[in-house]
Amino acid sequence: MAGGYKAPRDGTEQLTGAMADQRERLRELERPTGTSIGSLVQQVQQTLANIVAQVNTIATAWMAANAYTKAQVDSKVASPGTIAPVDVNASGNVSAANVTASGQVVSAGIVRSPGTKSNTVTVGYSAVYIDSSGNMGGNTSTRRSKTNIVPLEIDLDAFLGLQAYRFQRHTDVLEMGEGAPWQSGLMAEDVEPVAPLNVWLDEDGLVAGVRYEELVVPLLMAVQRERTLRVSLEERVAALEAQSVADGGVS
């Protein structure tokens with residue numbers, strides 16, 4: 001109608017207006033203020049403090065369970081105890097009061113034991129041997145450990161005819177001159193054709209030394225032969241004496 005007449009708003013218009021007012025109030029509430037910002041900062045700082053505390057707790061527990069203290073490291077360096085790695089390589093010298101190994105101990109160099117010479121063993125002792133591979137061990141003498149057992153044959157006259165010598169070793173003379181110690185023994189080259197089982201060979205199959213500890217075997221055979229000859233001679237003498245008595249001679 002003319003004259004600027006406005007019809008009264010119905011319920012929908014009132015509701016729409018109320019909603020618009022609420023949206024405006026919400027926008028006002030959502031606008032940050034000094035108070036709300038300060039509260040938010042405090043909340044963030046507290047959250048960070050809680051996170052740092054939790055990280056410190058976790059790190060402390062992990063360090064206690066999985067890391068060494070300086071004192072523990074110093075103790076391990078001074079006394080390592082059992083070493084866990086499978087292989088341990090050392091480029092320098094290793095010193096220890098006592099060394100125990102459950103497996104093989106292999107040395108590509110010379111094995112020295114200065115104290116062994118003065119260590120007297122009196123119970124259950126046996127000879128120690130070294131084979132062509134450098135393995136050290138004993139040598140059993142039981143029948144159950146052997147096969148293809150046959151009597152030993154050897155030219156005892158040739159064996160007993162071996163020449164014994166006294167000599168000085170080249171290395172000793174080079175180091176000590178004429179004051180080098182004298183030794184006695186046989187020449188392996190002489191023993192090999194007579195008693196080949198009583199010499200040992202080097203890596204190239206060349207005769208290298210005499211197995212002196214096994215020379216007792218042919219020596220025993222020589223003694224046995226001499227005993228047999230002696231017994232035979234004694235029996236012959238006894239028979240001749242008996243015959244002399246029977247013939248009226250003097251016993």
| Measuring from the lowest to the highest alpha carbon on each principal axis, how far does the range 126-231 reach, largest first, in angstroms? | 50, 38, 27
| message | I'd like the Karplus ³J(HN,Hα) series for the range 150-164: coefficients 6.51, -1.76, 1.60, θ = phi - 60°, whole numbers in Hz, and an x wherever there's a Gly or Pro. | response | 9, x, 7, 10, 8, 7, 5, 5, 5, 5, 5, x, 4, 7, 8
| Sequence-distant residues sharing a close amide H with LEU201 (under 5 Å, placed H) | ALA208
| query | Around VAL194, what is the net charge, scoring Lys/Arg as +1 and Asp/Glu as -1 over all other residues with Cβ under 10 Å from its Cβ? | reply | -4
| task | With a Förster radius of 25 Å, plug the Cβ-Cβ distance of LEU229 and LEU197 into 1/(1 + (r/R0)^6) and report the FRET value to the nearest 0.05. | result | 0.55
| said: Just to confirm the filter: which GluC sites (Glu not before Pro) across the range 173-210 are DSSP coil and have at most 10 other Cβ within 10 angstrom of their Cβ? | reply: GLU203
| Contour minus end-to-end for GLU241 and ILE130, with contour as 0.36 nm per residue of separation and end-to-end as the Cα-Cα distance? | 34.4 nm
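Computed from the coordinates by the stated procedures, all read-outs in this text should not be read as laboratory data. Computed from a predicted model, the values in this text were never measured in an experiment. We place every Cβ from the backbone using ideal geometry, glycine too, and count neighbours over all the protein chains shown.
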